[in-house]
1. Of all residues in segment 2-33, which are in a loop (DSSP other than H, G, I, E, B) and exposed (fewer than 15 other Cβ atoms within 10 Å of the Cβ)?
2. Test residue 10 against the stated conditions and say whether it is farther than 27 Å from residue 127 by Cβ, of a type in the set (Val, Ile, Thr), in contact (Cβ under 8 Å) with a residue 24 or more places away in the chain and out of contact with any helix residue (DSSP H, G or I) (no Cβ under 7 Å at 6 or more places or on another chain).
3. In this structure, does residue 36 turn out to be in a strand (DSSP E or B), crowded, with 17+ Cβ neighbours inside 10 Å and in contact (Cβ under 8 Å) with a residue 12 or more places away in the chain?
4. Condition check: among the basic types (Lys, Arg), outside the structural domain of residue 133 (by TED's automatic domain parsing) and at pLDDT 90 or above. Does residue 109 satisfy that?
5. When segment 51-61 is examined, which residues are found to be part of a strand (DSSP E or B) and surrounded by 18 or more Cβ atoms within 10 Å (Cβ to Cβ)?
Amino acid sequence: MDLLFGSAVVEQGKRLGRLAGVEIDPTTRRVLKIVVSRDGRLGAYAMTRPVEVVRVDGGKVVIAEEPPPSAPLPFRLEPMLWSRGTHIVRGHAEVGRLLGVRVEPGTGRLEAAFSRKGRWGKAQEVPIEGLDLSVIGELRLGPGSQAA
């Protein structure tokens, strides 16, 4: 399922807001939660929902059921937050910004990321396999990658 930032989010038939970002486990490359806010921007007013109860229906992100209480994360795990502000970088140059992610339904496993160079640029799919996630706020492409 494709989770594109800025998409409308609906819970129990009512508009909850817009998709502002996703929380990622960098070790397993799995989406843990989606981040939602009224205006689609990150801030203190944003709320999260577990990805297990999320589905996409007609371009809208739908919270399918009441989210179960989330188990605390292991102490060693610090999730990464990806949003529209996340840079796609090759070498030392920015080649795009993150638009959203493709997630395996049910498991939350990342399949791909979507990026765009500028506001009017064409969106491109970036495979997850070759990405370096070691820098917070950046997705680093390998030197031979043609994506973005």
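The values are calculated or read from the model by the stated rules, or taken from the named source; none is laboratory data. Treat the numbers as computed from the prediction; the structure is a model and nothing was measured. Don't worry about glycine lacking a Cβ; one is built from the backbone with ideal geometry, like all the others, and counts go over all protein chains shown.
1. Within segment 2-33, the first condition is being in a loop (DSSP other than H, G, I, E, B), and the residues that meet it are 5-7, 12-13, 26-29.
Of everything in segment 2-33, those that are in a loop (DSSP other than H, G, I, E, B) and exposed (fewer than 15 other Cβ atoms within 10 Å of the Cβ) turn out to be 6, 12, 13, 26, 27, 28.
2. Yes; evaluated as a whole, the condition is true for this residue.
3. Values: in a strand (DSSP E or B): yes; crowded, with 17+ Cβ neighbours inside 10 Å: yes; in contact (Cβ under 8 Å) with a residue 12 or more places away in the chain: yes.
Yes; evaluated as a whole, the condition is true for this residue.
4. Details: among the basic types (Lys, Arg): yes; outside the structural domain of residue 133 (by TED's automatic domain parsing): no; at pLDDT 90 or above: yes.
So residue 109 fails the test.
5. Step one: of segment 51-61, the residues part of a strand (DSSP E or B) are 54-57, 60-61.
Of everything in segment 51-61, those that are part of a strand (DSSP E or B) and surrounded by 18 or more Cβ atoms within 10 Å (Cβ to Cβ) turn out to be 54, 61.
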